[in-house]
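One structure below.
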Amino acid sequence: MKLRKVKVILYRVEAKTKETLFSFFDTAYRFVSAYGEPPSAVPEFKDAGIQESPPGISGASGTGETGTGKFRSLEEISEKVKACKNCGLHAGRKNAVPGAGAEQAFVLIIGEGPGAEEDLRGEPFVGRSGQLLDKMLEAISLSRLSNVYIANVVKCRPPGNRDPLPAESAACSEFLKAQIDLIKPKAILVLGRIAAQNLLATKEGINRLRGRFFDYKGIPLMPTYHPSALLRDENLKRPAWEDLKLFREKLRSLEPEYERKFAEGKLKRNSAGGKHIPGAGN
Ligand code: URA
Ligand code: SF4
């Protein structure tokens, strides 16, 4: 048998086995811990066996299993996402939500997963929290029309907006990793606990992760509150703004001209009647 074929088969088997093992231990852990006897080895197994090594916290980089090698363009990723049945979430979707924004984005925004409105329209962050997100981004000279790409950890809507299961996030991670590899953003802003814990492979809460920079394969990554949390709790708006100002400082240090370019791109868009000019202000 051809070596390439064997590798492909083993790769698939290994991924499936990992997933099965993961689900088994995850269930067992939750079952046992309900009786107050958490086996300490299990959470460790979960992190090491399924997710990539934490890029920021441990400093280790990814396994390189997936990424640009598998997909040549964002377009190709979107097509694959729309046809994907790698996890149970495909069954309930009206539309998959691969992501949207500028191809050569300066900044990548990562959310948790599509909600009802996003599922209907096939676009990320178009509901209430999306409108707030757009305002937050505008305040620091960022927009999906010019210098930002927006993606989610899972591309299909979890039923009833529940948190994505670890196995679902793991099944979907090849798409997000490939998006990061292709876009090569200069910085990443992560929205909310679920996405932050997923990307940093940690169980640390959002209150401890927010407003700090981590290293994601050489890219500065900062978690902050999810805009839907800000809609639920007004008191989080001030600390979220502090985070955004910190993020803006980082962007200024990476690209001192970014705000001027953003303002120029916006002028051009406005004079074109508010239409999106592909590539404007990138
Ligand atoms: N919340 C998210 O995390 N992502 C979306 O796309 C919409 C709402
Ligand atoms: Fe595929 Fe991701 Fe949708 Fe699951 S959530 S079916 S892995 S695209």
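For the reader, a short list of remarks on this structure follows.
- Cα centroid separation - the stretch 66-126 against the stretch 198-271, whole Å: 21 Å
- Descending Cα extents along the principal axes, the stretch 173-232, whole Å: 34, 20, 19
- Percent of beta bridges antiparallel (DSSP, the stretch 51-271, rounded to nearest 5): 30 percent
- Largest to smallest principal axis extent of the C-alpha atoms in the stretch 51-271, angstrom: 43, 42, 39
- With a threshold of 28 Å on the Cα-Cα distance, the over-threshold entries among 184/261; 82/184; 82/237 are 82/237.
- Student exercise, the stretch 192-282 dipole from Lys, Arg, Asp, Glu Cβ charges, in Debye to nearest 20: 160 debye
- Inverse mean reciprocal Cα-Cα distance (Kirkwood Rh) of the stretch 87-137, Å: 11.9 Å
Coordinate-derived values only; no laboratory data. Quick caveat: nothing in here was measured; it's all calculated off a predicted structure. Note that each Cβ is placed from the backbone with ideal geometry, even for glycine, and that neighbours are counted across all protein chains shown.
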